1. Quick check: from the Cα gyration tensor, does region 46-171 come out rounded (a/c under 1.5), prolate or oblate?
2. Where in region 174-193 does the label zone of Asp76 land, with the point 7 angstrom along Cα→C-beta and an amide N cut-off under 15 Å?
3. Roughly how many nanometres apart are two label points built 7 Å out from the Cα toward the Cβ at Thr45 and Thr67?
4. How do Ile75, Ile167 rank when sorted from fewest to most other Cβ atoms within 10 Å of their own Cβ?
5. For the residues Glu89, Glu147, Glu34, what sequence is obtained by ranking on other C-beta atoms within 10 Å, fewest first?
6. Taking the alpha-carbon centroid of each part, what is the distance from region 77-137 to region 48-76 in angstrom?
7. When Val71, Val161, Val96 are ordered from fewest to most other Cβ atoms inside 10 Å of their Cβ, what list results?
8. Could you give the length gained by full extension between Thr145 and Thr114, i.e. 0.36 nm per residue of separation minus their alpha carbon distance, to one decimal place?
Amino acid sequence: MMAHWVKWAGVLLLVCGVVPTPALAGLIFFDKREEFLAASAGVTTIDFGDVAPPGGFLFLPTPPGLTLSGVNFTIDRTTSNGNLFAIGEGFYYPNVAVLSSQASTTGNNNLLITLPGGFTAVGTGFASFGPSTLTFTLSTGDSFTRETLDFFRGFASFVGVVSSEPITSVRIDLQRTDDLINIGGFSFGSAVPEPSTLVMGGTAATLLGLGYAWRAPEAGAAAGTARYDAVNDGFISTMTATVFLPEQRNNSALCVPFNGGF
């Protein structure tokens, strides 16, 4: 009976011009925050705006990382020796503060998020200097990928998911070695109504990107700086990043994030 209802509900949505986002079993996806919030209740949103001052940043040793509203944000150091930063509004994006995992030289950057219990609605804004591919892995065993926008397009991407099973953690992995992970507006709560009765999600976004050139530090390179040149219609902006020796990494006295020279 339910299968027939879902079938005809899907037909009705198509007639109305609404196309559901393809979902894994038990998962419904949203690419617009307002649609995610409409399908959720009791939502807590962490925007990182009180962690670092506007225009500034705060280095966060991992472990322990950062815990806000009972949610712990850290880096899995078994696969990454990267650094975690809280980035204030205006440092990367106007009016947006983010949490940033970056500068790993032993593996791709990652971000491990542990929730204070099981929740059936989880969402976050995400970005990189990109375009890049991020893999999201849930504690339920489900995983999916999303593409980041070009840095010059701002902090505009979002992914939300409601699940038929409680989610206790989210892991985000960057699928390249020469970029970073930024998240902002991390939200968690409960799905309303239950995911088994939901038939529509957010529509898929069209992602556009521009060209990039990256000069990554070679293995065994000494401490110094690496250049990141973003090319936009012939205009070149250079971002610099400190390159650390292994014994210098995860040191708050030395670590600074990628910084914009726009």
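1. Values: a/c = 1.35, a/b = 1.27, b/c = 1.06.
The shape class here is rounded.
2. The answer is 174-176.
3. 2.5
4. Values: Ile75 25, Ile167 22.
With the sparsest Cβ surroundings first, the list reads Ile167, Ile75.
5. Numbers: Glu89 20, Glu147 17, Glu34 10.
The most exposed by this proxy come first: Glu34, Glu147, Glu89.
6. The two parts, judged by their Cα centres, are 10 Å apart.
7. On the way: Val71 19, Val161 29, Val96 22.
Fewest-to-most Cβ neighbours within 10 Å comes out as Val71, Val96, Val161.
8. On the way: separation 31, 0.36 × 31 = 11.16 nm, distance 1.91 nm.
My answer for the length gained is 9.3 nm.
The numbers here are math on the coordinates, done by the rules we state, and not lab data. Source: prediction; values computed, not measured. A quick note on method: Cβ atoms are made from the backbone with ideal geometry, for glycine too, and the neighbour counts reach across all protein chains shown.
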